[in-house]
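Asker: Quick one: the structure is below, and I'll ask about it shortly.
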Amino acid sequence: MRLCSAKSATALLATIAMGGAGLVAVALAPPADAVGATQNVIVLLRDQHTDKPATQAGMSRRAAAVGADQAPLRQRIGKLGGKTTKTYKTLNAVAATLPSSAVAALQSDPAVAEVVPDLQWKLSAAGEKAVKAAAGTATPAQSICPTDPSKPLLEPEALALTHTDSDNAQTPTARSLGYDGTGVKVGFIADGLDINQPDFIRADGSHVITDYQDFSGDGTNAPTSGGEAFGDASSIAAQGRETYDISTFMNPAHPLPAGCNIRVEGMAPGASMVALKVFSNALLTAPTSTIIQAIDWAVNVDHVDILNESFGSNPYPDNATDPISAFNHDAVDAGVTVIASTGDAGGGNTIGTAATDPWVIGAGASTAEQIYAQQTAYGFQLGNGKYTSNQLSSLSSGGISQTQRVQDLTAPGDLNWSLCSDRTLPSGDPQYDCFDNKGDPSNLEVFGGTSESAPLTSGAAALVVQAYRKTHQGASPTPQQVRQVLDSSADDLGLPADLQGSGLLNSYRAVQLAASLGTATNTGQNLLLDQTQLNGVAGPEGTITKQFKVTNDGVGTQRVSAVLRNVSTQTASQQKTVNLSASAPTHTFVDAIGITRSYVTTTFKVAPGVDRLASTVSWNGPGQIVRLSLLDPQGTFSGYSLPQGTGNFGRVELHSPAPGTWTAIIWTAATSAGYTGPATLTTTSYQAGSAGQVSPSSFSLAAGQSRTLTVTTHSPRTTTAASSLVLTGAFGQTTTASIVTRTVLALQAGRPTTFDGTFTTANGRDFSPAQTKTYLFSVPRGAAGLDFKIKVAGATPNEVVAHLSDPSGEPLSTVVNAAADGTTGTGIEATRANPTPGIWELTLELVNPVLGTQLPENYSGIASLSTTPVFTSGVPNSSNAVISKQNGSTQTITIHNTGPQDQTYFVDPRGTSQQTFPLVATEAASSDQFTASIALPLPSESVPGWLVPTEGSKLVVGASATDPITFDVMPLDSPTALNAPNNPDIESTTGTGATAVHTASPIASALWAAFPSLIGPAPADGSPVGSVSMQATILARTFYGDYTSSTGDPLLATVSTSAPAATPVTVPAGGSATVTLHLKPSGSVGSLQQGTIFVDTLQPFAAAGTSGFADEVASVPFTFRVGA
């Protein structure tokens, strides 16, 4: 979905939310650099006392240490005329308000490390709440209703699939070993819920949720979607005490017999929970400031053992250095295991933060299709009445992140039953979005997505903590040990590492391994890996060697075999096109919510020995959805594409497909909203192969014995790759680890470097990328420029954005292959003059929604150390050159567009000195055009925003609010950036006068937006209505006003409300243009004048919603003396 233009950015900020429509309103404060102005800062101390983690037992030691550090700092803040507004213990930091003139003095204090910045985050949940579905591997028991209504079925199916609990007491599960999470505390950060739902209350009347706090400002009594919070809490610790007749949940089109009773139990019903609400009902988004408050509360007030984070986004670049990452890192140091969802955008390198952070356990989604059968969903009735589970969910975000990570493991997330609440407000309206398939309020919901996989994994982590404590005299495992146990005990699905991680969560094996860890008495048959994920970087096709240590934590001696596997060897591919009609359907069925669907079927063959089957459907119907369901050769329902938006493309990944003739059901709505036309089915078969060598490849391990394995593999030619180390024990059980390899391409002057790739997938998820590809380039010192020319194949290519960030992580260029009218071209060029030496990152983002018929879509690129070619005439560049004050000088710069797309150019003359400029508020501007104002905590139509010019080195954003706030400020540099966070994400200080400061050389020229939040927790009925005003300043090179040009300078309008109109020139690919400049010196006669005329490109906002503003593509120095 696009942000259409800079002017419409405010309206589209309302679509930041998942399922929400409005925006947080903001206002601007006096600039912190103004005389007498104050500034709010968060001060991080250099000594973080990592030897004194914030565990419950060790908190007093840590509090004493950080208190001793903070006391002199607080005194100094006071002496500088400031005031400490908040202290932190999890992170050794304080928030303070102090005069702007004192900031530099505080930053120079040797005890101070830095000032931390802020972000915007999005709640992650499956895109189709009422209609979600799955795919799978055969499951043994397939009852959809109990034979005896007095013995309700145990739900969700995830309990059985993960070997956590079972209706059959003889089945080996974690529960059969006595583990239910007793004594473990799990926190989750989400929206709101009803803590009095009967299944959140124990038999003794005590509440499972022991603390419920709101940081969004809405209050805990406010209406809330609740979909995420209910799902999280239910997955973790629902009690399973209540009976629910799901026959009353179903649409009349698919009745179930009365008494189709179930009970809903969490993974760890003995655990206690802490519910932390950060997502407002209006937006379902939360600024970084809100989330770090919740993390700090969970660690320091509630002392949780596990923290679940089912939210995220896709920033460019993603480097895990934002404030939420910092607080997560300190939570881990304090002994808290942090678990996050990977996202719901499919497997095309779309994993979102915080799951990309190496300190965090990332959970992807697998299928649980019993609920398909119960609802008669997604064409289930066209099969033989059976289903499979434990396949990869089509929505699960996977692939390789910019941080060189894949997901840790996979857990059921497609789909399961969850608790909900039919509670009403005093008005009689429902308080929560809890509805059945008839649209009536319900105490159940169908829950799914990686938002479910994460809390299921968090519940399993609670079982691991309990099991470890039982055999370790009450001591808790470290978060790293919890990761080792969960990943080492997961069941290999046989899929690529970048889709499954270590495999499917197995609670039974996990608690056995946890209980055995480091003890004399082992149980089970498990192997433990010291590292479950490693990465390596090399040049193209370079050798990478890594070592793993494996320990036999099972019973008895095991003979172990080891291989390094990929599952990417293509063995067959088939393609068929069918005609689908929404208005005149060949066949129809009625789905779970009563909608008639038009469908056609076709068949394809799968040969014996296939390890992986990828099936895709593509069509050309913008705004219309086509879906794909698969039946195996016996007619068993096996997979569903589960689209997350209007993407014109769907994909189903299956492992170990049965050989024979399969049936594809291709379907759409039999209404005007449906699709009529051709749809193409492509099926591709893969076999597993070797990705390198493991030494030794076979060995024996006695109980408790360890062995070091050496793994040798190679980097890919240009980008990234992932493989699996697969260990098979004596009992046939598998243990896997992931190895990610990445290539760095070294650039040399005069020697262009080529790279290429293919876009292959999408699922239509709004505000998420369809697919990304990331490349690393090493730029030497002294390079004049850095240029990337990218060609996308096809006559009507999909929309692609190129994100270029420098070695410090600043996003300096964002370019799209789309014109102002929305048409796409075949070329993209990103150029940077005078690049900083180091590793630059280029990420290509395929933007949702896609034209599915264009996939697979090839692209190729050329990287070189060059700038846009320019030729000058008359520009002085010598101290001997003299320009008369009276006559001035006329000069020209001729620009040659040698790139593959049209470019809009202008010239930007700058001096050598720096100046602090106020920035014009382009979003939420008040009568004072340098001030933006909005209401709090309720959303308004926009948030404060400022276009930041080039050549900036210090951005200061200040706020003046009626109530204490914090905010984060970030550049919005892509069509998905409104789903923030984006980087750099700058955290402000706290108070009624809050300030954020960002320094970089240079700062990204883009639309920077601020997202304020009130300091919580809020009262139950919500925070009082207030307001905030905001202003921003930029320290940048001075504009050299003695030059005027035929293009004018659009950057002047960012700092002045009376800037002359600019007339930049658009040059077609292969064309050229000459810019005329007139120099009329104003300096004193004889004075030496120096500076640079930058040639910039102006990125069109209307093209794809990109907010990249200006890119410096060439530079022309000037030097002269002023003559009479």
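Only the coordinates and a few stated rules stand behind these numbers; no lab work does. Computed from a prediction, not measured in an experiment: that's the story for all the values here. Note that we place each Cβ from the backbone using ideal geometry, even for glycine, and neighbour counts take in every protein chain shown.
Asker: If you take the square roots of the eigenvalues of the alpha-carbon gyration tensor of the stretch 136-482 and sort them as a ≥ b ≥ c, do you get rounded (a/c under 1.5), prolate (a/b over b/c) or oblate? Display every interim value, and only then the final one.
Answerer: On the way: a/c = 1.37, a/b = 1.32, b/c = 1.04.
Judged from the Cα gyration tensor, the stretch 136-482 comes out rounded (a/c under 1.5).
Asker: For the chain, which longest stretch is free of loop sites, where a loop site is one of the trypsin sites (Lys or Arg not before Pro) that DSSP puts outside H, G, I, E and B and that has at most 11 other Cβ atoms within 10 Å? Please list the in-between numbers first.
Answerer: Details: sites that count: Lys7, Arg781.
Value returned for the longest uninterrupted segment is 8-780.
Asker: Looking at the stretch 167-230, I'd like the Rg to Rh ratio, where Rg is from alpha-carbon atoms and Rh is Kirkwood's inverse mean 1/r.
Answerer: Here the Rg-to-Rh quotient is 1.08.
Asker: Continuing with the same structure: Can you divide the C-alpha Rg of the stretch 1005-1124 by 2.2 N^0.38 Å and report the result to two decimal places?
Answerer: Details: Rg = 21.1 Å, N = 120, 2.2 N^0.38 = 13.6 Å.
That works out to 1.55 for the stretch 1005-1124.
Asker: Next question, about the same structure. Rounded to the nearest 20 Debye, what is the dipole magnitude of the chain about its Cα centre when Lys and Arg each give +1 and Asp and Glu each give -1 at the C-beta?
Answerer: On the way: 56 positive and 85 negative charges, 442 e Å.
Here the size comes out at about 2120 debye.
Asker: Counting only residues 5 or more places away or on other chains, whose amide H sits under 5 Å from the amide H of Leu409 once H atoms are built in the peptide plane?
Answerer: When sequence neighbours closer than 5 places are left aside, the close amide H contacts are Gly362, Gly364, Ser502.
Asker: I've got another one for you. Using only helices, what value at 222 nm comes out for the chain when you add -39,500 (n - 2.57) per DSSP H run of length 4 or more and divide by the total residues, to the nearest 500 deg cm²/dmol? Write out the running numbers ahead of the final one.
Answerer: Numbers: 13 runs with 126 residues, N = 1124.
Dividing the helical sum by the residues of the chain leaves -3500 deg cm²/dmol.
Asker: With a sphere of radius 11 Å drawn around the Cβ of Ser706, what net charge do the other residues whose Cβ falls strictly inside it have (Lys, Arg +1; Asp, Glu -1)?
Answerer: Values: positive: Lys549, Arg707; negative: Asp530, Asp553.
For residues surrounding Ser706, the net value is 0.
Asker: Can you give me the pair-distance distribution of the stretch 533-657, C-alpha pairs, 10 Å bins, whole percents?
Answerer: 8, 28, 24, 19, 12, 8, 0
Asker: Going by C-beta contacts inside 10 Å, put Trp619, Trp297 in order with the fewest on the left.
Answerer: Values: Trp619 25, Trp297 21.
Fewest to most other Cβ atoms nearby, the residues stand as Trp297, Trp619.
Asker: Just to confirm the filter: which chymotrypsin sites (Phe, Trp or Tyr not before Pro) across the stretch 188-273 are DSSP coil and have at most 13 other Cβ within 10 angstrom of their Cβ?
Answerer: Details: sites: Phe188, Phe200, Tyr212, Phe215, Phe230, Tyr244, Phe249; in loops: Phe215, Phe249.
Hits after loop and neighbour filter: nothing returned.
Asker: Whole-Hz Karplus ³J(HN,Hα) for the stretch 568-576, in order, using 6.51 cos²θ - 1.76 cosθ + 1.60 and θ = phi - 60°, x for Gly and Pro?
Answerer: 10, 7, 6, 10, 6, 8, 10, 9, 9
Asker: Among (i) -0.41, -0.60, -1.39; (ii) -0.48, -0.69, -1.48; (iii) -0.32, -0.46, -1.29, find the value of log10 I(q)/I(0) by the Debye sum over Cα atoms at q = 0.05, 0.06, 0.10 Å⁻¹ that was calculated from the structure presented, and write down its label.
Answerer: (iii)
Asker: Roughly what angle does helix 507-516 make with the longest principal axis of the chain, taking Cα atoms, 0 to 90 degrees, to the nearest 10?
Answerer: In the chain, helix 507-516 runs at an angle near 80 degrees to the longest axis.
Asker: Another question about this same structure. May I ask for the net charge around Leu681, where only other residues with Cβ less than 15 Å from the Cβ of Leu681 are counted and Lys, Arg are +1 while Asp, Glu are -1?
Answerer: Working: positive: Lys576, Lys605, Arg627, Arg651; negative: Glu653.
So the surrounding residues net to +3.
Asker: A 31 angstrom limit on the alpha carbon distance is what I want to check against. Which of Lys789/Lys1080; Lys52/Lys86; Lys83/Lys277; Lys605/Lys789; Lys605/Lys791; Lys277/Lys386 exceed it? Kindly include the intermediate steps, with their values, before the conclusion.
Answerer: Details: Lys789/Lys1080 37 Å; Lys52/Lys86 21 Å; Lys83/Lys277 29 Å; Lys605/Lys789 41 Å; Lys605/Lys791 36 Å; Lys277/Lys386 39 Å.
Those over the limit are Lys789/Lys1080; Lys605/Lys789; Lys605/Lys791; Lys277/Lys386.
Asker: Does the stretch 824-963 come out rounded, prolate or oblate by the C-alpha gyration tensor, with a ≥ b ≥ c the root eigenvalues, rounded set by a/c under 1.5 and, if not, prolate when a/b is larger than b/c and oblate if not? Working shown, then result.
Answerer: Working: a/c = 2.33, a/b = 1.10, b/c = 2.11.
Judged from the Cα gyration tensor, the stretch 824-963 comes out oblate (a/c at least 1.5, b/c at or above a/b).
Asker: Give the residues of the stretch 724-761 whose amide nitrogen is closer than 19 Å to a point set 7 Å from the Cα of Gln480 in the direction of its Cβ.
Answerer: In the stretch 724-761, the label zone of Gln480 (backbone N under 19 Å from the point 7 Å along Cα→Cβ) covers 737-740.
Asker: If you take the alpha carbon radius of gyration of the stretch 193-290 and divide it by 2.2 N^0.38 Å, what ratio comes out, to two decimals? Mind showing how you got there, number by number?
Answerer: On the way: Rg = 15.7 Å, N = 98, 2.2 N^0.38 = 12.6 Å.
The stretch 193-290 yields a ratio of 1.25.
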